[in-house]
1. Can you tell me which of (1) open to solvent by 20 Å² or more (accessible area, probe 1.4 Å); (2) modelled with pLDDT under 95; (3) in contact with an Asp or Glu (Cβ under 7 Å, 6 or more places away or on another chain) is the one B:ALA22 doesn't meet?
2. Sort through A:LYS150, A:LYS120, A:LYS116 and tell me the only one that's open to solvent by 20 Å² or more (accessible area, probe 1.4 Å), of a type outside the set (Ser, Thr, Tyr) and within 10 Å of chain B (Cβ to nearest Cβ).
3. Among strands (runs of 3 or more DSSP E) lying entirely in the stretch A:100-153, which contain 1 or more residues that are within 20 Å of A:TYR42 (Cα to Cα)?
4. Residue under question is A:SER88, and the condition is that it be surrounded by fewer than 18 Cβ atoms within 10 Å (Cβ to Cβ), in contact (Cβ under 8 Å) with a residue 40 or more places away in the chain, out of contact with any Ser or Thr (no Cβ under 6 Å at 6 or more places or on another chain) and more than 9 Å from chain B (Cβ to nearest Cβ); does it hold?
5. Cβ-Cβ distance below 6 Å, separation of 6 or more or different chains: which pairs start in the stretch A:68-79 with a residue that is at the interface with chain B (Cβ under 9 Å from one of its Cβ atoms) and of a type outside the set (A, V, I, L, M, F, W, C) and end on one that is open to solvent by less than 10 Å² (accessible area, probe 1.4 Å) and in a strand (DSSP E or B)?
6. Here is a list: B:LYS148, B:LYS166, B:LYS189, B:LYS185. Which entry is touching a residue at least 60 places away in the same chain (Cβ under 8 Å), farther than 18 Å from B:GLU120 by Cβ and not β-branched (Val, Ile, Thr)?
7. Can you pull out the residues in the stretch A:123-133 that are open to solvent by less than 20 Å² (accessible area, probe 1.4 Å) and either β-branched (Val, Ile, Thr) or within 28 Å of B:LEU58 (Cβ to Cβ) (or both)?
8. All but one of (1) in contact with a strand residue (DSSP E or B) (Cβ under 6 Å, 6 or more places away or on another chain); (2) within 13 Å of chain B (Cβ to nearest Cβ); (3) of a type outside the set (D, E, K, R) hold for A:ASN102, so report the exception by its number.
Amino acid sequence: MKSRIGLMLLFLMFLLVLGACQNGGNAQESTEQEQEEKNYLYESETVKVTETSGWSKHDSPSNDGEENILFQNDNVKAILTLVSDEKSLDEIKNELKSSFGNTEAIEENEKYLSLKSNRKESVRTDIYLDSGDEQTGILIFMTPFEEYEKNQAVIEEFKKNVQFY
Amino acid sequence: MKKTIVSSTLGLLLLFAGNVYAAEDETAVDPNSELYDTSRVIEEAEYELTEENSEKALLQDEYADDRLNEAEVSLDKGDEANAEELLEDYEEHVKQAEEDMEAAKENGEDISTVEETLVENSQKRSENLRALLEREDLPEEAKAGIAKALENQQKAEQNYLAARKKAEEAQEVAQEEAQEETQEKEQEKAQEKQEKAQEKAQEKQEKAQEKAQEKQEKAQEKAQAQQEKAQEKAQAQQEKAQEKAQAQQEKAQEKQEKAQEKASEQQGRASGRP
């Protein structure tokens, strides 16, 4: 009789262990699923932009293919692009500077450049460079100069959600 | 030694001047660059972030300049197809600048200085296009594109000039109207001033009249009072004189009566004598 009870207890414990293992497996699966289901504003082999509150992807009329991706959050615009690593970071910065016409540099370091256009309605531009193995990722933010401080947090949040691979 | 210093300084100056020129000239991205499309997206973003229509027109004018420079670069490189595309884009920028100026006018923005800039830049670009047309190394297709761009550029220039003339005329009319208004206001003001002065004078006159009347009344009252006083005095004197006359009369009567009494007494005495 005692051995029967012992066997039954052992069987019950075995069932409990099995159940626990199954639950653990489910939890692991759901975490993986969550990662897979993470929403992206934009994703390609080389760059992923996680969905960020207030931001949306816009189609630019002159946007040829996937070279330049345009995002917008109210009065802040972000341009995401990738160029081959044939150009040095300095060359990229100089070329971008010249595309802005009459501007003055506010701050510059190896991978960052901020500009202010010398116009009645000034625009502040922040350019972030990310040099990879084969390509250089360029993230450009543009906002009216007067609204830059107000929009700084919005820019930072979006910047965190851009991942170059 | 001096010669060496002078020549090396001149050399450095020339080198420096050359770099500055190069930097100023370098305002557009090479159309064949990997970053060219990005520069165009940047333009669009800048344009969309600009609110004032006159500022938008200036931006479109700048972009037109850039497209023309880029078309020239493409022609120099023998890329006629790209040059044609760029000239088409150029025309679109010129057209958009015109539309933005129209919108600026409708919104009542101050466009006088912007219009001047646009006319100047437009004339410069027309010169550049004419120079391009005179180039012999260009194929007929490219020349046709340039001629079309020049035609549109001149149309835009004429439109700007016509708009400027219209604006000047409107300004003159507005100035005349303002002058007339000012004159009318001044006249009204003068009239009001005159009326006020008249009112004031009338008030003063009325006050003086009132004062004179008061004075006259006071004088009359005083004269009356004096007359009354004199009358009273005369009456009192008359009464006194009457009283005195009466007293004298009574006294005379008494005296008469006494004299009569005395006379009758004497008569009585005289009749009592034998």
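1. (3)
2. On the way: A:LYS150 fails: within 10 Å of chain B (Cβ to nearest Cβ); A:LYS116 fails: within 10 Å of chain B (Cβ to nearest Cβ).
Residue meeting the stated conditions: A:LYS120.
3. Details: elements: A:103-109, A:112-117, A:123-131, A:135-144.
Qualifying strands (runs of 3 or more DSSP E): A:123-131, A:135-144.
4. Working: surrounded by fewer than 18 Cβ atoms within 10 Å (Cβ to Cβ): yes; in contact (Cβ under 8 Å) with a residue 40 or more places away in the chain: no; out of contact with any Ser or Thr (no Cβ under 6 Å at 6 or more places or on another chain): yes; more than 9 Å from chain B (Cβ to nearest Cβ): yes.
Spelling it out, it is not the case that A:SER88 is surrounded by fewer than 18 Cβ atoms within 10 Å (Cβ to Cβ), in contact (Cβ under 8 Å) with a residue 40 or more places away in the chain, out of contact with any Ser or Thr (no Cβ under 6 Å at 6 or more places or on another chain) and more than 9 Å from chain B (Cβ to nearest Cβ).
5. What qualifies is A:ASN68/A:ILE79; A:ASN68/A:THR81; A:ASN75/A:THR143; A:LYS77/A:MET142.
6. Working: B:LYS166 fails: touching a residue at least 60 places away in the same chain (Cβ under 8 Å); B:LYS189 fails: touching a residue at least 60 places away in the same chain (Cβ under 8 Å); B:LYS185 fails: touching a residue at least 60 places away in the same chain (Cβ under 8 Å).
On inspection, the qualifying residue turns out to be B:LYS148.
7. Quick first cut of the stretch A:123-133, residues open to solvent by less than 20 Å² (accessible area, probe 1.4 Å) only: A:123, A:125-127, A:129.
Once the filter is applied, which keeps residues that are open to solvent by less than 20 Å² (accessible area, probe 1.4 Å) and either β-branched (Val, Ile, Thr) or within 28 Å of B:LEU58 (Cβ to Cβ) (or both), the stretch A:123-133 yields A:VAL123, A:THR125, A:ASP126, A:ILE127.
8. The single condition A:ASN102 does not satisfy is (1).
The values are calculated or read from the model by the stated rules, or taken from the named source; none is laboratory data. Everything quoted here is computed from the prediction, not taken from an experiment. Cβ sites come from the backbone with ideal geometry, for glycine too, and all protein chains shown count toward neighbours. These area figures cover heavy atoms from the full protein model, side chains too; ligands, DNA and RNA do not enter into them. Shrake-Rupley method; radii C 1.70, N 1.55, O 1.52, S 1.80 Å.
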